[in-house]
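K.L.:
My questions will all concern the structure given below.
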Amino acid sequence: MIKKMNTLVINAADDKILFSLITNIESYTTAHINSRENFDKIMILILNFLKEHNSNLDKISEIFVNQGPGKISSIRNSIAIAKGIAFAKNIDLYGFLSEHLNDTSLDQLVKIDKKNFTNINLIKPLYSS
C-alpha cells in the first residue's frame, strides 16, 4: 500500500506568494501578490487554498518553505508561519533554497532526497541585498 503524502510548499521569496499542495495523484498551485496585506492574512489564504482542494492542515504530512535568497520580510514571515504550523500539527518541515527551483519543478522538489534539505531546527533564511 502506498503511503498517502500531502505536501504543502510555501514560497514567498519573490514577487508572488506561492502555495502548492502536492499529493500522490495531483498538484495544485496558487499565487498571491507579495504584499503586507496578504501577509496579514496569510493563514486565511493557506486555509482557503487547502479547503478549495478538499484538504486541511490535518492532512498535510510535510511542509517545504523557501529560505531564500529573496525578500527579507517575506522569507522571515513565511518561515515563521511554516514553523508555527509544523510545530502545532507535528508536521515535518524542510527548508529549500531558490536555486533548488532552477533545476526542478515543485512536484519534483518533494521527491528529492530529504537529506539535501534543512530540517525544522536548522532553517536559517538567506537574504539578498
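K.L.:
Which members of the range 37-59 meet the condition of being under 20 Å from GLY84 (Cα atoms), surrounded by fewer than 16 Cβ atoms within 10 Å (Cβ to Cβ) and without any contact (Cβ under 8 Å) to a residue 24 or more places away in the chain?
P.N.:
Result: GLU37, ASP40, LYS41, ILE44, LEU47, ASN48, LYS51, ASN56.
K.L.:
While we're on this one: Please work out which residue is farthest from LEU97 (Cα to Cα), limiting yourself to the range 44-65 and to residues that are of a type outside the set (Val, Ile, Thr) and in contact with a Ser or Thr (Cβ under 6 Å, 6 or more places away or on another chain).
P.N.:
Residue satisfying both the conditions and the ranking: PHE49.
K.L.:
In addition: Is it fair to say ILE63 is among the aliphatic types (A, V, I, L, M), assigned to a strand (DSSP E or B) and buried (at least 16 other Cβ atoms within 10 Å of the Cβ)?
P.N.:
Criteria met by ILE63.
K.L.:
May I pose another question? With the structure loaded, tell me whether ILE46 is modelled with pLDDT of 95 or more and out of contact with any Phe, Trp or Tyr (no Cβ under 9 Å at 6 or more places or on another chain) or whether it fails that test.
P.N.:
Considered against the rule, which asks whether it is modelled with pLDDT of 95 or more and out of contact with any Phe, Trp or Tyr (no Cβ under 9 Å at 6 or more places or on another chain), ILE46 comes out as no.
K.L.:
Okay, next question. Looking only at the range 72-102, count every residue that is assigned to a loop (DSSP other than H, G, I, E, B), at pLDDT below 90 and either under 19 Å from LYS41 (Cα atoms) or in contact with a strand residue (DSSP E or B) (Cβ under 9 Å, 6 or more places away or on another chain) (or both) and tell me the total.
P.N.:
The qualifying residues number 2.
The values are calculated or read from the model by the stated rules, or taken from the named source; none is laboratory data. Everything numeric here is computed off the predicted structure, so don't read it as measured data. Here Cβ is always computed from backbone atoms with ideal geometry, including for glycine, and neighbour counts include all displayed protein chains.
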